[in-house]
Amino acid sequence: MTHAAALSRSSRRDLRIGFIPLNDAAPIIVAHEHGLFHRHGLNVTLCREVGWATIRDKIIYRELDAAHALGAMVLSTTLGLNCLPCPSLTAFVLNTHGNCITLSEELWQRGVRDAATMRDEIIRSRHERTYVFGVVFAHSSHRIHLCDWLRSAGVHPEKDVRIVVVPPPQLFRNLVAGTIDGYCVGDPWNSLAVREKTGWCVATSPELAPGHPEKVLMVRQDFAANEGERHLALVSALAEAAALCDDPSFRPELARLLARREYLNLPERVVAASLLGPLELGHDRRTDAASFIHFHRDGANDPSAAKAAWLIDGFTRHRLFPPGHDLPRDLGRRTFRSDLYHQAVRKHTVPSHEAIPVSV
């Protein structure tokens, strides 16, 4: 009996994996749709969720076994920042890069082109209004990107502007309604704003923080301990899926898959913008999509100490830890488990994605 067959026989209960409708959920969706979870002996149910707080809470209360999650959320949930403490970890980074800072068309008309002109506009309008920017979660790479971008021009994120938390699918609607003036989010919500001419991209995350960790597979630490075999099988299936997602010949099929109603429920051309390129930034500006999001290339999937350190440093730099909070010295090592990633890849990997049927 194969390892996958034995695992399947001993694991009758479906694993529930949550995701948010974003392009960077791709490895989870591909592993499900192309039978990679099944090949590794897993029965999986995907659960589309509305926002990151929901993902976090369903992990905490065991309504999800694993989830597409912000890398930063593994840290904040373990520490109990704005939630009950719940020791969590990741053994797989789903992607690096993939975010943009998108600003309103009104700001373009007011002469904003970069962080420096944004500062000038804030100073010019300070007696009339306070500019409001959206991020997807209080503790996130998006908040780090936005705060770094603002501070690069001398704007104080806590005093000179308001930063509010809005679930990813709601950011575009709030930009259209004028309740926010810009946001930082993953695609397709930037490309949708550009296509609808309600916003434009002022900066991309590869420019702001090359190689930064973005989404991860998040689990409770006790799930990894008690369901070790299934956890490692999950990681191995996702490693295959991520490699497939980075195959240029598969990207058209990936865009069609993600656009489906049960996943992102958006026009395929919007989903494809940052996967196939060129990535339109608005106002006749564009960039190469090949460097915009990495699902597998350049060691993207390894939850290394350097990836954890980037997030912890961002939290510290922007005072996202509560005053007086004692930070465990081994926080990065306990939450970003490179050892489990390498164990999974060594133990469970089956023949490469070249054998996976791909419809084109």
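The values are calculated or read from the model by the stated rules, or taken from the named source; none is laboratory data. These numbers come from a predicted model, not from an experiment. So basically every Cβ, Gly included, is an ideal-geometry build from the backbone, and we count neighbours across all protein chains shown. Heavy atoms of the whole protein, side chains included, go into the accessibility calculation; ligands, DNA and RNA do not. Shrake-Rupley method; radii C 1.70, N 1.55, O 1.52, S 1.80 Å.
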Q. Whole-Hz Karplus ³J(HN,Hα) for the range 116-122, in order, using 6.51 cos²θ - 1.76 cosθ + 1.60 and θ = phi - 60°, x for Gly and Pro?
A. 5, 6, 5, 4, 4, 5, 4
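Could you check how much of the accessible area of the chain is carbon and sulfur, as a whole percent, using a 1.4 Å probe? Each step should come with its number before you reach the end.
On the way: 7210 of 14490 Å².
Answer for the chain: carbon and sulfur cover 50 percent of the accessible area.
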Q | Compactness of the range 107-247 as Cα Rg over 2.2 N^0.38 Å, two decimals | A | 1.28
Q: Compute the distribution of all C-alpha to C-alpha distances in the range 172-323, in bins of 10 Å from 0, and list the percent of pairs in each, rounded to whole numbers.
A: 9, 31, 35, 21, 4, 0
Q. Under Stokes-Einstein, with the Kirkwood radius over Cα pairs standing in for Rh, what whole-number D in µm²/s applies to the range 274-315 at 10 °C and 1.306 mPa s?
A. 129
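Just want to confirm a number: the relative contact order over the chain, from Cα pairs under 8 angstrom separated by 6+ residues, in percent. All intermediate terms of the calculation are to be shown ahead of the outcome.
Values: 680 pairs, mean separation 88.3, N = 360.
With pairs under 8 Å counted, the relative contact order is 25 percent.
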Q) Among 321-327, 109-115, 145-151, what's the highest-first ranking by average C-beta atoms within 10 angstrom per residue? A) 145-151, 109-115, 321-327
Q: Quick one: divide the alpha-carbon radius of gyration of the range 251-340 by 2.2 N^0.38 Å and tell me what you get.
A: 1.51
Q. So which trypsin sites (Lys or Arg not before Pro) in the range 230-303 are both in a DSSP loop and have at most 13 other Cβ atoms within 10 Å of their Cβ?
A. 261
Q: For the chain, build the charge dipole from Cβ charges (+1 Lys, Arg; -1 Asp, Glu) around the Cα centre, then report which of 342, 103, 73 sits farthest towards its positive end.
A: 73
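Note down the magnitude of the dipole of the chain about its Cα centre, charges +1 on Lys and Arg C-beta and -1 on Asp and Glu C-beta and zero elsewhere, to the nearest 20 debye. Before the final figure, lay out each step's value.
Working: 42 positive and 40 negative charges, 122 e Å.
Its charge dipole is roughly 580 debye.
Report, in cubic angstrom per residue, the convex hull volume of the C-alpha atoms of the chain.
Numbers: hull volume 44.7 nm³, N = 360.
Spelled out: Cα convex hull of the chain, divided by residues, is 124 Å³.
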Q) Across the range 266-275, in residue order, what do the Karplus-derived ³J(HN,Hα) couplings come to in whole Hz, using 6.51 cos²θ - 1.76 cosθ + 1.60 with θ = phi - 60° and x for Gly and Pro? A) 9, x, 4, 5, 6, 5, 6, 3, 8, 9
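How about the range 214-264: which GluC sites (Glu not before Pro) there lie in a loop by DSSP and see at most 14 other Cβ atoms within 10 Å?
Working: sites: 214, 227, 229, 240, 253, 262; in loops: 214, 227, 262.
Those satisfying the criteria are 262.
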Q | Between 0 and 90°, nearest 10: helix 305-317 axis offset from the chain longest Cα axis | A | 30
**Q.** residue 70 accessible area, 1.4 Å probe, all protein chains in place, Å² to nearest 10
**A.** 0
Q) Along the range 35-51, what does the Karplus equation 6.51 cos²θ - 1.76 cosθ + 1.60 (θ = phi - 60°) give for ³J(HN,Hα), rounded to whole Hz, x for Gly and Pro? A) x, 6, 4, 4, 4, 9, x, 10, 9, 10, 10, 8, 10, 6, 10, 8, x
(Q) More than 15 angstrom separation, counting every C-alpha pair in the range 199-262; what % is that? (A) 71
**Q.** DSSP beta bridge pairing in the chain, given as percent antiparallel to the nearest 5
**A.** 65
Q: Please find the FRET efficiency linking residue 298 to residue 123, where r is the Cβ-Cβ separation and R0 is fixed at 35 Å, and quote it to the nearest 0.05.
A: 0.35
Q. Once amide H atoms are placed 1.01 Å from N in the peptide plane, what residues at a sequence separation of 5 or more from residue 99, or on another chain, have their amide H within under 5 Å of its amide H?
A. 205
Q) What are the extents of the Cα atoms of the range 14-75 along their three principal axes, listed from largest to smallest and rounded to whole Å? A) 30, 24, 20
Q. Hey, what's the range 171-321 come to in accessible area per residue, 1.4 Å probe, Å²?
A. 36
Q. Can you give the charge dipole size of the range 182-307 about its Cα centre, rounded to the nearest 20 debye, using +1 on the beta carbon of Lys and Arg and -1 on the beta carbon of Asp and Glu?
A. 380
Q. Which semi-axes, in whole Å and largest first, does the equivalent ellipsoid of the range 30-152 have when worked out from the alpha carbon gyration tensor as the square roots of 5 times its eigenvalues?
A. 37, 18, 12
Q: State the Cα centre-to-centre distance between the range 58-131 and the range 216-263 in whole Å.
A: 22
Q) Over the range 42-186, what relative contact order in percent results from Cα pairs under 8 Å that are six or more residues apart? A) 27
